[in-house]
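Okay, so here's the structure we're looking at.
The values are calculated or read from the model by the stated rules, or taken from the named source; none is laboratory data. Since we're looking at a predicted model, the values are computed, not measured. Here the Cβ is made from the backbone with ideal geometry for all residues, glycine too, and neighbour counts use every protein chain on show.
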Amino acid sequence: MDISLEKVEYRYSAGTPFEKLALKDLNLLLPSKKYTAVIGHTGSGKSTLLQHLNALLKPTAGKVVIGEYEITPKKKNKQLKPIRKRVGIVFQFPEHQLFEETVLKDICYGPLNFGVSQEEAKRRAKELIQIVGMNEDVLERSPFDLSGGQKRRVAIAGVLAMEPDVLVLDEPTAGLDPRGRTEIMDMFHRIHEEKGLTTVLVTHSMEDAAQYADEIVIMQKGRLVGKGSPQDIFSKPEWLFSLGLDVPEVVKFQYSMEQKLGMKFSKTCLTIEELAAEMEAISENGERS
Ligand code: ADP
């Protein structure tokens, strides 16, 4: 399911002395089945943008088109409920929203609320607990007896139980250790591919943006200032530094080598393997000449 934003503007507390313009003239297409990473400084508008993707916020000007639904400033809230089912958001620290007595009830809560049968909700819970890398036994336990990482997986299973077409991830690895981060990010990527989802990841991690995204979107002061493949975006490290953003470690290393050697590599390498191959080619050329 495509999502497009057309000339979207968003003002918090519009018409009051506290009015704050958070998104300006935003045009953006998030294509179906693609994985898009949104990067930008704190306060650049990422979270405001994300809340437009399932109509938690309505634009104060312009429109958001989510599949067959069109959201304009005048749209009635009642008409927005079906969108919440199609677009799942995993907020930061989603485990804070767990509240049921058992993991099973927590995962089934959303689907039951949207009219799915008990039987079908249970079937989904059993399937999803495994997809998020846990054992079925856990379904009868209290979510509050689980570790932090396990709670997060249960909360993610709860979002996936709605069977969304679009999955929006707001810093989903915040607070996890490096191993937990990699496991969760790999899991989302696997689910993205297997279920043919449209995925939107808001992240501060340039490594994750480089590794998983098909396309990167850069926000600054409520505006979209850049968009392209990881290769395109990270081939301009000086521009990113000027925006106060970073680049992946491997790109930083390549950039400093290029400065030292006074030469450009044939391409921007996004993995250590690519960089090793590029350096080998350079040293072989050097030996030949
Ligand atoms: P990011 O997610 O990139 O950190 P946000 O979307 O949270 O950025 O914020 C964009 C701008 O909107 C910032 O200037 C922020 O201070 C402002 N803002 C965010 N939430 C609110 C709110 N509830 N009321 C007023 N201003 C807000």
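Computed values, structure above
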item: Hits in the stretch 45-66 (condition: within 12 Å of the ligand (Cβ to nearest atom) and in contact with a helix residue (DSSP H, G or I) (Cβ under 6 Å, 6 or more places away or on another chain)); result: L57
item: Residues being part of a loop (DSSP other than H, G, I, E, B) and under 16 Å from A155 (Cβ atoms) - total across the stretch 95-125; result: 5
item: Check on L128, surrounded by 21 or more Cβ atoms within 10 Å (Cβ to Cβ), under 21 Å from Y35 (Cβ atoms) and more than 16 Å from the chain's Cα centre (by Cα); result: yes
item: Out of K20, K75, sole residue that is within 14 Å of the ligand (Cβ to nearest atom) and among the basic types (K, R); result: K20
item: Flag for K7 being in contact with a strand residue (DSSP E or B) (Cβ under 8 Å, 6 or more places away or on another chain), surrounded by fewer than 16 Cβ atoms within 10 Å (Cβ to Cβ) and not small (G, A, S); result: yes
item: Conditions (1) in a helix (DSSP H, G or I); (2) under 21 Å from G196 (Cα atoms); (3) over 17 Å from the mean Cα position of the chain (by Cα); (4) not acidic (D, E): number failed by V65; result: (1)
item: Odd one out for T72, checked against (1) β-branched (V, I, T); (2) surrounded by 14 or more Cβ atoms within 10 Å (Cβ to Cβ); (3) touching a strand residue (DSSP E or B) at 6+ places or on another chain (Cβ under 9 Å); result: (2)
item: Tally, over the stretch 185-212, of residues that are in contact (Cβ under 8 Å) with a residue 40 or more places away in the chain and more than 12 Å from P172 (Cα to Cα); result: 13
item: Options E183, E215, E238, E193; residue that is at pLDDT below 95 and within 22 Å of K33 (Cα to Cα); result: E183
item: Qualifying positions in the stretch 28-44 - assigned to a loop (DSSP other than H, G, I, E, B) and within 16 Å of the ligand (Cβ to nearest atom); result: H41, T42, G43, S44
item: Any chance L30 is under 19 Å from H192 (Cα atoms), buried (at least 19 other Cβ atoms within 10 Å of the Cβ) and not acidic (D, E); result: yes
item: Candidates G196, G228, filtered to the one that is of a type outside the set (F, W, Y) and under 30 Å from D25 (Cβ atoms); result: G228
item: Test set (1) of a type in the set (S, T, Y); (2) under 23 Å from the mean Cα position of the chain (by Cα); (3) modelled with pLDDT under 95 - S229 fails condition number; result: (3)
item: Looking only at the stretch 1-17, and only at residues there that are assigned to a strand (DSSP E or B) and more than 10 Å from the ligand (Cβ to nearest atom), the one that is farthest from K227 (Cα to Cα); result: E9
item: Among residues of the stretch 193-215, those that are of a type in the set (D, E, K, R) and crowded, with 22+ Cβ neighbours inside 10 Å, counted; result: 1
